[in-house]
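To start, the structure itself, in structure tokens.
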Amino acid sequence: MRLHKIPAQKLADGNYGITASQVRQAMAEDRKNGLKPCAVQLNYGSTNTCGYDDLNSFRGFSEQEKVWLHVDAAYAGPALILPEYRERSLLMQEIATSFNFNGSKWFLCGVDSAFLFIKDRQLLKRVFAADGDYMARSDAEQIYNPEFKDWSIPLGRRFRALRIWMVLSYFGRQGLQEFLRISIDQADAARKKIDASGLLKQIVKTDLGLVCFRLASDDLNKNDLFIKRIEDLSDSGQKFLIYPSVIEGQKFLRLALGGIHTETKDVDLFLDLCLKAAQDVENGLVQKES
Ligand SMILES: Cc1ncc(COP(=O)(O)O)c(C=O)c1O
């Protein structure tokens with residue numbers, strides 16, 4: 001079993017992802033090397049920049065290439081419950097053999113919980129069904145009475161259903177949709193503020209709750225100073241969780257909106273701090289430590 005990683009490239013949507021032609025090329029190379037491609041894993045909402053692989057280009061892909069096409073939507077998947085993203089969820093249903101999202105990232109269910117959606121559950125059962133006289137009979141299985149032991153390698157599993165049921169019944173569909181929209185609206189407001197500032201700029205285009213930005217100046221040293229200043233502010237008691245990331249050699253900050261207690265004033269406070277730090281860097285008030 002081999003994993004063939006395909007580097008993401010900047011796509012027309014202004015973020016990073018891979019395209020079907022890249023995957024076809026990689027599969028052709030693998031076949032030349034005597035390998036048999038069996039599964040492709042795509043990303044809807046990458047960890048670093050919330051980039052989407054070019055899902056449109058994968059229409060008909062799994063049927064034509066006879067491969068399992070899984071889409072990892074661990075973070076971004078919950079957005080598919082929004083009616084305004086109906087087209088995206090229809091596309092997901094069309095192209096994916098399976099896709100997943102995490103309950104812990106942006107769906108209020110806490111760790112560890114994840115949702116796996118599969119086009120045809122028989123595909124799992126054909127591989128994983130476990131039989132034995134000592135096991136409960138699974139003949140009567142129906143969609144509302146699934147034998148999960150037949151769907152994956154482990155026979156037993158932790159019980160998380162009640163926690164998930166509580167979240168779904170407490171918030172309801174509408175409540176969850178509202179929660180997601182608040183994060184997206186906060187992120188949109190942050191994006192606007194960054195774009196209008198002249199001091200900061202978005203490093204990729206994002207459209208959900210993640211905002212990726214850096215100093216607007218092309219001077220990478222200044223950008224490093226800016227990021228260091230924000231890290232120092234965080235260490236000195238502002239209590240922001242800062243793990244700057246890097247793409248194509250450029251450091252950037254990831255503002256991840258999705259906490260149920262995050263309010264617009266929190267976002268404003270953080271951005272004001274960033275703008276002040278950016279201004280200080282531009283005014284030469286922040287120096288590199290010797
Ligand atoms: C796109 C994506 N997939 C998978 C994961 C990991 O999920 P898990 O903790 O369920 O392995 C993450 C982030 O942690 C992620 O952003």
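Quick look at the numbers
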item	result
Meets criteria (in contact (Cβ under 8 Å) with a residue 24 or more places away in the chain and over 27 Å from residue 53 (Cβ atoms)) for residue 203	no
The range 144-154, residues that are loosely packed, with under 15 Cβ neighbours inside 10 Å and either touching a Ser or Thr at 6+ places or on another chain (Cβ under 6 Å) or modelled with pLDDT of 85 or more (or both)	152, 153, 154
Test result for residue 95, of a type in the set (Val, Ile, Thr), closer than 16 Å to residue 176 by Cβ and either in contact (Cβ under 8 Å) with a residue 60 or more places away in the chain or away from the ligand (no atom under 16 Å from the Cβ) (or both)	no
Of residues in the range 98-109 being closer than 14 Å to residue 209 by Cβ and in contact with a helix residue (DSSP H, G or I) (Cβ under 6 Å, 6 or more places away or on another chain), the one farthest from the ligand (Cβ to nearest atom)	108
Residue list for the range 33-71, filter: within 16 Å of the ligand (Cβ to nearest atom), surrounded by fewer than 20 Cβ atoms within 10 Å (Cβ to Cβ) and not in a loop (DSSP other than H, G, I, E, B)	39, 41, 70
Residue in the range 74-90 that is assigned to a strand (DSSP E or B), in contact (Cβ under 8 Å) with a residue 24 or more places away in the chain and within 18 Å of the chain's Cα centre (by Cα) present	no
For residue 161: the one exception among (1) under 23 Å from residue 259 (Cβ atoms); (2) modelled with pLDDT under 95; (3) among the aliphatic types (A, V, I, L, M)	(1)
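The values are calculated or read from the model by the stated rules, or taken from the named source; none is laboratory data. These numbers were taken from a predicted model, which means no experiment stands behind them. For neighbour counting, all protein chains shown are included, and Cβ atoms are generated from backbone atoms with ideal geometry for every residue, glycine included.
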